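Taking it in order: structure first as structure tokens, then the write-up.
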Ligand code: ATP
Ligand code: MN
Ligand code: MN
């Protein structure tokens, strides 16, 4: 239910730049967190989130009445997000141009939260050159009924195969059901090359182990298997950003993890928006220093 807007004088510790209204509105009804708590979460993790999120075109999952009511993906600038949320014109397939959203600082993140945003999803490229991807992601989507142990093993196998061809990769718990294996890349190649590489990689894996993997999106072909969703790697696609909250029960967040930690994970929901301080501390730890960054290019394979 909607709480009426608080008077402007209501205390707020979200910084001087962005006013968060309706701080008491419950966004996560099952666990009780409010819009104010969500804003505080993002304010705290902004320093560790921005290295990944800043200046990428973003799609937002907005749930203005909370996660249990109507939510929608928003990718175009509607001009209503305030001065800290920016627009970048990007050409469309049909020859036209659309304004996409991006942020570059904590105020930008909070400007989105003020508008009911829960999740931040980013392109695989930056606004400085949207045609040159710099991030590949293999989104592991297990069929219902598969164990998380299967997902862990799949992520590790992808890591090893990438390593065999000289690529450093990183693991992220999605906050939902799966794991994302992230490959940072120095920009240079185009989107066709990017998608083609990821498709061939996923197809090679599913050919080698057809009982465990599929590179085919169809649910029917996923029975008992893990879908290696390489389609995140096409121009215009997005993937959930590190430290984004998820609009799911319990307010989980997408969490970078070290490869050594993965073995201990029981599911893809390690932390929630209640754990901002813990996430900050984790990010300083030895295992996570440098997570998500590497200077490397796609090999010829
Ligand atoms: P899970 O681990 O539960 O699969 P996920 O974030 O990987 O969580 P997916 O459904 O696999 O969720 O989607 C992968 C990505 O595709 C999302 O993170 C999001 O960026 C993008 N995506 C999914 N659905 C949509 C949609 N309706 N519109 C735009 N982008 C979407
Ligand atoms: Mn997924
Ligand atoms: Mn997916």
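The spacing between region 73-113 and region 130-150, judged by their C-alpha centroids, is 25 Å.
Summarising the strand pairing of region 123-227, around 85 percent of its internal DSSP beta bridges are antiparallel. Ordering 97, 117 by the number of other Cβ atoms within 10 Å of each residue's own Cβ, fewest first, gives 97, 117. Angle of helix 35-53 to the longest C-alpha principal axis of the chain, folded into 0 to 90 degrees and rounded to 10: 40°. Using all pairs of distinct alpha-carbon atoms, the Kirkwood hydrodynamic radius of region 1-160 works out to 17.6 angstrom. What's the angle, to the nearest 10 degrees (0 to 90), between helix 191-208's Cα axis and the longest principal axis of the chain? The two axes meet at around 60 degrees. Both radii come from the Cα set of region 142-301: Rg as radius of gyration, Rh as Kirkwood radius; their ratio Rg/Rh reads 0.95.
Of all DSSP-defined beta bridges confined to the chain, some 95% are antiparallel rather than parallel. Is the shape of the chain best called rounded, prolate or oblate, per the rule: a/c under 1.5 gives rounded, else a/b larger than b/c gives prolate, else oblate, with a ≥ b ≥ c the square roots of the Cα gyration tensor eigenvalues? In terms of gyration-tensor shape, prolate. Ranking of 244, 31, 174 by neighbouring Cβ atoms within 10 Å, starting from the fewest: 31, 174, 244. What angle do you read, to the nearest 10 degrees and between 0 and 90, between the alpha-carbon axis of helix 148-164 and the longest principal axis of the chain? That helix lies at roughly 60 degrees to the long axis. This ranking places 50, 60 by how few other beta-carbon atoms lie within 10 Å of each, fewest first, which gives 50, 60.
Since every read-out is calculated from the coordinates, none of them should be taken as a lab result. Everything numeric in this text was worked out from a predicted model, so none of it was measured. When we count neighbours, we look across all protein chains shown, and the Cβ atoms used for this are built from the backbone with ideal geometry, even at glycine.
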